[in-house]
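Below is one structure, written out as structure tokens, with a few remarks after it.
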Amino acid sequence: MTEEQILKGRLADLAKRAYNQNIYTYSNFLSAAELSLLDEMHNDISYIHYETFGGNELSERQIVAFGSEEEFGYPGTFPISVIRVSPLLEKFSDNLNHRDFLGALMHLGIERDMLGDILIKENTAYIFCLERIVDYICKELTKVKHTNVKCEITDTNIPALTPTLKDEEFPVASLRLDGIIASLLKCSRKEALSFFENKQVILNGRITGRNSITLKTGDIFSIRGHGKFIFAGTGGNTKKGKIYVHIKKYV
């Protein structure tokens, strides 16, 4: 049995348990590829409501919750917490990145699916994780790389988690995603297509191979290794008939 089949079986079991027992059930954190597998199961699990969330509206790694207040008569709560991890003494800190924090967590024996997004702001990490491992992380995570750190539970609605966006504008022949990526990254159309073939393109939280899809205002897309972007709409045409597009880049 493949990993994909095992995951689909696990999600199907959660859906059945929620339906049969009238209780909310929750998966661990799912990657974009795993969320795409969930979408493939839609017809098979359509008998129960489900939704996904990762801690904030922009989270890439998300949990799926089966059930709804309409079905059960009470609201559910995603079992997600956020831990702020910062150097004890900033002046003695290494320059820490996403890989450093993730590596330190893996070293503690924590499985990747227990962790959501890890956001880095000025050498401080905000770690989205399952509620049940919060105490363990806060107790055991004392060093990242060679830097002594402190952990504290925080809230998702804090200024530090508000993304910084840079505006970009350029002309394209059409609003096809592959063409926009080629212009955005200043690469050839062939190279842009390779991102789709290698499953590097994520659109609204799901891996997509549909290079010809037309973007809509508000769509969020990313190319692994090249950044994350919001399609912010269009703004007029060039003399040659090309369309100016507005892009907001996460920086």
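For every residue, the table says whether it meets (1) under 30 Å from Asn20 (Cα atoms); (2) touching a helix residue (DSSP H, G or I) at 6+ places or on another chain (Cβ under 7 Å).
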{"site": "Tyr47", "(1), (2)": "yes, yes"}
{"site": "Gly73", "(1), (2)": "yes, no"}
{"site": "Thr77", "(1), (2)": "yes, no"}
{"site": "Leu102", "(1), (2)": "no, no"}
- line: Taking the range 93-122 and keeping only residues that are open to solvent by less than 20 Å² (accessible area, probe 1.4 Å) and assigned to a loop (DSSP other than H, G, I, E, B), one is left with Leu96, Ile110
field: Residues of the range 212-251 satisfying the condition of being among the β-branched types (Val, Ile, Thr), surrounded by 15 or more Cβ atoms within 10 Å (Cβ to Cβ) and under 25 Å from the mean Cα position of the chain (by Cα)
entry: Ile213, Ile220, Ile223, Ile230, Val245, Ile247
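Being within 20 Å of Leu119 (Cα to Cα), touching a residue at least 12 places away in the same chain (Cβ under 8 Å) and open to solvent by less than 30 Å² (accessible area, probe 1.4 Å) is the requirement here; does Ile181 meet it?
Taking the combined requirement at face value, the residue does not satisfy it.
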statement: Within the range 184-211, the residues that are open to solvent by less than 60 Å² (accessible area, probe 1.4 Å), in contact (Cβ under 8 Å) with a residue 24 or more places away in the chain and of a type outside the set (A, V, I, L, M, F, W, C) are Gln200, Gly205, Arg206, Thr208, Asn211
Subset of the range 144-163 (residues that are surrounded by 13 or more Cβ atoms within 10 Å (Cβ to Cβ) and either among the hydroxyl-bearing types (Ser, Thr, Tyr) or not in a strand (DSSP E or B) (or both)): Lys145, Thr147, Thr154, Thr156, Leu161, Pro163
message: Can you tell me which residue is surrounded by the fewest Cβ atoms within 10 Å (Cβ to Cβ) among those in the range 18-31 that are touching a residue at least 12 places away in the same chain (Cβ under 8 Å) and not in a loop (DSSP other than H, G, I, E, B)?
response: Tyr19
query: Within the range 73-91, can one find any residue that is in a loop (DSSP other than H, G, I, E, B), open to solvent by 20 Å² or more (accessible area, probe 1.4 Å), within 21 Å of Pro159 (Cβ to Cβ) and charged (D, E, K, R)?
result: no
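For the subset of the range 207-227 comprising residues that are of a type in the set (Gly, Ala, Ser) and in a loop (DSSP other than H, G, I, E, B), which member is farthest from Ala173 (Cα to Cα)?
Gly225
The values are calculated or read from the model by the stated rules, or taken from the named source; none is laboratory data. This one's a predicted model, so the numbers in the text were calculated from it and none came from an experiment. No Cβ is skipped: glycine too gets one built from the backbone with ideal geometry, and neighbour counts run over all protein chains shown. These area figures cover heavy atoms from the full protein model, side chains too; ligands, DNA and RNA do not enter into them. Shrake-Rupley method; radii C 1.70, N 1.55, O 1.52, S 1.80 Å.
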